[in-house]
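The values are calculated or read from the model by the stated rules, or taken from the named source; none is laboratory data. From a predicted model like this one, the values you see are computed outputs, not experimental measurements. Neighbour counts run over all protein chains shown; Cβ positions are idealised from the backbone, glycine included.
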Amino acid sequence: MKERLRRWLPMAVLLIPALAVHAQTTGPLLPETKLAAVAGAPSATQETFTIATAQDLVATLTDLQTPAALTGASIVVTQGAKIAGMATMAPPATSATVSLPGATGQYSLYVIGTPSSTFNVGTFSVCVAPKASPSACIQAASISGNITVQSAPADPTVSTVSTTLTVTTGGAYTFTYADARFPVALAVAPSLALFQGSTLIAAPIPASPATIALNPGTYTLFAIAQADPTAKAGLYGITISGPAGVAPLLSSAFPVGTLGPASQPNNPSTQSVTLTVTDFAFPTALAGASAVVTSGVTIVGTASAAGGASSFTAPQGILQVWSFGTAGTDAGTYEVDLMSAAGSLLQTASGVNNGSSQAFAFVTPTPLAAGAYQATASDFEFPATLQGLQFAVAQNGAILKKLAVAGATGSVSFAAAAGSAVLLVDATTPTNGNGVFDVNVQTSATAPQMVFDQTQVVTVSSGVFTSQTINFGTSGNFDVTLTDLKFPAQFQSLALVVSAHGALVGKIFGGGTFTIPATPGAYQLNFVAMPGSTMAGVQQQYGLYGVQIVNSAPTVTLKASPATVTVGGATTLSWTSTNATSCTASGGTFTMGSQSIGSGTTSVSVAATTTYTLTCTGPGGSSAQSVVVTATTPPAKSGGGGGLDPGLLLFLGIVALLRLGKSLVRP
């Protein structure tokens, strides 16, 4: 039992290659944390939760010791771009707790660790609860999961799959699985194992097709396959069909080794389509390039650059287009097109690397209008200068112009037909293994308009590369802050490059803050994150960093208390400022020159209604705020002009009453 578990649980998740993830955000960028993982690292467990009412909380990580105790695990809770708390669990301890005093707002929670060497997998739970009742878990904030061993990056031909199956109708289910033989046959055919919780149902599942009786419940299917050692890529399919009238539990194809994920165009109807693979021979010809179209696990058509276009009937619905290229003497690029009679269903382009030369291909997401354009490639020379950079512009399967860049920047003019263009780039990495370039397309009008812009990291090092687009709606200076949160250890390398309109706007290595002058439009943030090493020289799987973008213009508040005084009276002016290096006052006796930055107070005498202003200046510009203090005049005293004193009037009134009394008693 243990031996079979050890065979099937070592790699229970898909391999995570060094990847480039692209996302779009409307700027500025609110503080956030990001977890970087090296190639082969299992997906870390992470959760976001919100606490509406301020309260003291504890987050308790517990090793469930199933199927065996974890070797170690760590939990970290972040808020914004900062760590709110973290803790590490080391045997013989079976739990670790993080305190979150006065918790309120949104938090992110991450769990990483090392499983038992016997089973290579372990399970855990995290309970987020009030400090006074640590076992009263808040459901929306508490999670459970598993930790698996890091996949061996030394063998990129091996890939595993872990997927959950939900059986609602009990009965006999047929497991059909087969090698798709793309681009070539697998070195080791796919093998499957089925578990329900920690109970082994079948390992391995008998030869395809295999029938297994399943009761209603939740199951976990593991699959493992190994690609051809030369091609290092493969593809296979799995179908699990149940009793009559029950939808299949699974019908999908899975990549092996270096074969990338499929593109998934939507075919609006069953129709004839044409698949074309074009080798651009840039910078050199490929040894081979091919593509296959699948629907579920069924191959519906194939094509290769050597064999020419292929036409076939494709079913209605989502299709999967898989492509693969083999490098020749140097790096190369190719394009895959899927066309119907009504137009393009898919256009993709890819680069194939060889040695220190790396090839990239970008399809403009918005088709170009017919006309004159200019394409430009630039070496940002960060953190070092590329040893070589050349690029080409292609359209409709043919290269229109190409150029070897001499210096930091090079441009070519070209005439485009209506439709998407493909930008091909070949970059030779610097001696330290890292570089950054930008390639863009602009119109050739008097006032050029940017129609495509892409910044790309070039590296031969192990790491994670992500790209994020920020759309600024207003002009201004913005502070960009990158922070190494040093969890579980400091990064070996951490860098951020900001670019816009084909130009480098700002950069930082290791962490810190820099200011960018932004105008309305899109800006690209490109991260290079390489987790650090342990004292023994073993590379960490994960690293955590924070990033934020805020308007760097100073902020000023100015208040007067009281806001109304009598002429000659006094009022107290109080103020606060941020992002300021100097502040200057004006108005009445508040014009004494420079005032303290940060915060301050002063008392002023008000001779008349006065507007007081405080202007603060910093690297991001200037800001000012004013307050009006109203001066009032006290009412004037009466006197002269025959006015009578109130005391005199009272005396005269008494005399009159006495006289009246005497007249009433006179006989």
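Before moving on, here are some points about what is shown:
- Unmet criterion (only one of (1) modelled with pLDDT under 95; (2) within 58 Å of the chain's Cα centre (by Cα)) for Val628: (1)
- Residue in the range 378-387 that is small (Gly, Ala, Ser) and surrounded by fewer than 19 Cβ atoms within 10 Å (Cβ to Cβ) present: yes
- Filter pass, Ala247 being assigned by TED's automatic domain parsing to the domain that holds Gly171, on the phi < 0 side of the Ramachandran plot and surrounded by fewer than 17 Cβ atoms within 10 Å (Cβ to Cβ): yes
- Listed by position, the strands (runs of 3 or more DSSP E) inside the range 461-529 whose residues that are of a type in the set (S, T, N, Q) and in contact with a strand residue (DSSP E or B) (Cβ under 7 Å, 6 or more places away or on another chain) number at least 1 are 464-472, 476-484, 493-500, 512-518.
- Count - residues of the range 290-320 that are small (Gly, Ala, Ser) and touching a residue at least 60 places away in the same chain (Cβ under 8 Å): 1
- Some residue of the range 159-179 being under 27 Å from Tyr545 (Cβ atoms) and in contact (Cβ under 8 Å) with a residue 60 or more places away in the chain: no
- Summed over the range 37-63, the residues that are modelled with pLDDT under 90 and aliphatic (A, V, I, L, M) give a count of 5.
- When Val556, Val567 are screened for being crowded, with 16+ Cβ neighbours inside 10 Å, aliphatic (A, V, I, L, M) and in contact with a strand residue (DSSP E or B) (Cβ under 6 Å, 6 or more places away or on another chain), only Val556 passes.
- Single residue of Val556, Val547 found to be at pLDDT 90 or above and over 30 Å from Ala529 (Cα atoms): Val556
Results for (1) within 22 Å of Ser295 (Cα to Cα); (2) assigned to a loop (DSSP other than H, G, I, E, B); (3) among the basic types (Lys, Arg); (4) in contact with a Cys (Cβ under 7 Å, 6 or more places away or on another chain), shown as yes or no for each residue.
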residue: Ala185; (1), (2), (3), (4): yes, yes, no, no
residue: Ala189; (1), (2), (3), (4): yes, no, no, no
residue: Pro206; (1), (2), (3), (4): no, yes, no, no
residue: Ala223; (1), (2), (3), (4): yes, no, no, no
residue: Gly245; (1), (2), (3), (4): yes, yes, no, no
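- Scanning the range 117-135 for residues that are surrounded by fewer than 16 Cβ atoms within 10 Å (Cβ to Cβ) and in contact with a strand residue (DSSP E or B) (Cβ under 8 Å, 6 or more places away or on another chain) returns Pro130, Lys131, Ala132, Pro134, Ser135.
- Members of the range 71-126 that are among the small types (Gly, Ala, Ser), in a strand (DSSP E or B) and free of Cβ contacts under 8 Å to residues at least 60 places away in the same chain: Gly72, Ala84, Gly85, Ala87, Ser95, Ala96, Ser99, Gly102, Ala103, Gly105, Gly113, Gly122
- Looking at the range 547-612, the strands (runs of 3 or more DSSP E) lying wholly inside it that each contain 3 or more residues that are over 30 Å from Pro517 (Cβ atoms), polar (S, T, N, Q) and touching a residue at least 24 places away in the same chain (Cβ under 8 Å) sit at 570-578, 599-605.
- The lone exception for Ser272 - which of (1) assigned to a strand (DSSP E or B); (2) touching a Ser or Thr at 6+ places or on another chain (Cβ under 8 Å); (3) buried (at least 19 other Cβ atoms within 10 Å of the Cβ) it fails: (3)
- Some residue of the range 146-167 being touching a helix residue (DSSP H, G or I) at 6+ places or on another chain (Cβ under 6 Å), surrounded by 14 or more Cβ atoms within 10 Å (Cβ to Cβ) and assigned by TED's automatic domain parsing to the domain that holds Ser252: no
- Of all the listed residues (Ala185, Ala172), the sole one being within 13 Å of Leu249 (Cα to Cα), surrounded by fewer than 16 Cβ atoms within 10 Å (Cβ to Cβ) and among the hydrophobic types (A, V, I, L, M, F, W, C) is Ala172.
- Whichever residue in the range 599-609 is surrounded by fewer than 19 Cβ atoms within 10 Å (Cβ to Cβ) and more than 37 Å from the chain's Cα centre (by Cα) and, among such residues, is nearest to Thr555 (Cα to Cα): Gly600
- Pairs are defined by a Cβ separation below 7 Å, a sequence spacing of at least 6 or placement on different chains, a first member in the range 196-219 that is assigned by TED's automatic domain parsing to the domain that holds Thr169, and a second member that is assigned to a loop (DSSP other than H, G, I, E, B) and modelled with pLDDT under 90; the pairs so defined are Ser198/Thr66; Ser198/Pro67; Leu200/Met1.
- Residues (of a type in the set (D, E, K, R) and modelled with pLDDT of 95 or more) located in the range 380-401: Lys401
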